[in-house]
Amino acid sequence: MNVLQRILGAALGLVLFILAFLFASVLLAVAGGIALGVAGWLAWKTRKLRREAAKAEGTVVEGEYRVEREVRRIDDDAR
């Protein structure tokens, strides 16, 4: 390969890299716009449910719980 082919190959590689970067940027921007649109539409459609949930009266009990399972042992059955 001569020097001219190497320079043209490097330039072509750089141009293709820049085009791929631009394509990915546009694709991510479009995907972000679609995601924002879907989130806005979902928020708009569920606003009545959120309003009713805020007005609802009730008791909210907060805390932690632990499920304890009964463990039977062989020696417990002998009693």
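Observations on the structure shown:
- If a spin label sat at a point 7 angstrom from the Cα of Trp41 along the line to its beta carbon, no backbone N atom of the range 12-33 would be nearer than 12 Å.
- Residue with peak Gaussian network fluctuation, the chain [Cα springs, cutoff 10 Å], from Ala31, Ala11, Ala43: Ala11
- Leu49/Val71 FRET efficiency (R0 35 Å; Cβ-Cβ; nearest 0.05): 0.25
- Candidates per GluC sites (Glu not before Pro) in the chain, loop by DSSP, up to 16 other Cβ within 10 Å: Glu57, Glu62, Glu64, Glu68, Glu70
- Gaussian network model of the chain, Cα within-10 Å springs - most flexible of Gly63, Gly37, Gly13: Gly63
- Average silhouette area of the range 1-50, convex hull of alpha-carbon atoms, in square nanometres: 3.7
- What the phi angles of the range 47-58 give under the Karplus curve with 6.51, -1.76 and 1.60, with θ = phi - 60°, is a coupling list of 5, 5, 4, 5, 5, 5, 5, 6, 7, 5, 9, x Hz, glycine and proline written as x.
- Sparsely packed loop sites in the range 36-79 (the chymotrypsin sites (Phe, Trp or Tyr not before Pro) outside DSSP H, G, I, E and B with at most 12 other Cβ atoms within 10 Å) comprise Tyr65.
- For the chain, the carbon plus sulfur part of the accessible surface works out to 65%, probe radius 1.4 Å.
- Dipole moment magnitude, nearest 20 debye, the chain about Cα centre, only Lys, Arg, Asp, Glu C-beta charged: 520
The values are calculated or read from the model by the stated rules, or taken from the named source; none is laboratory data. Bear in mind that the values here come from a model prediction, so they are computed numbers and not experimental data. Here Cβ is always computed from backbone atoms with ideal geometry, including for glycine, and neighbour counts include all displayed protein chains. Quick note on the areas: whole protein, heavy atoms, side chains included, nothing else; ligands and nucleic acids left out. Shrake-Rupley method; radii C 1.70, N 1.55, O 1.52, S 1.80 Å.
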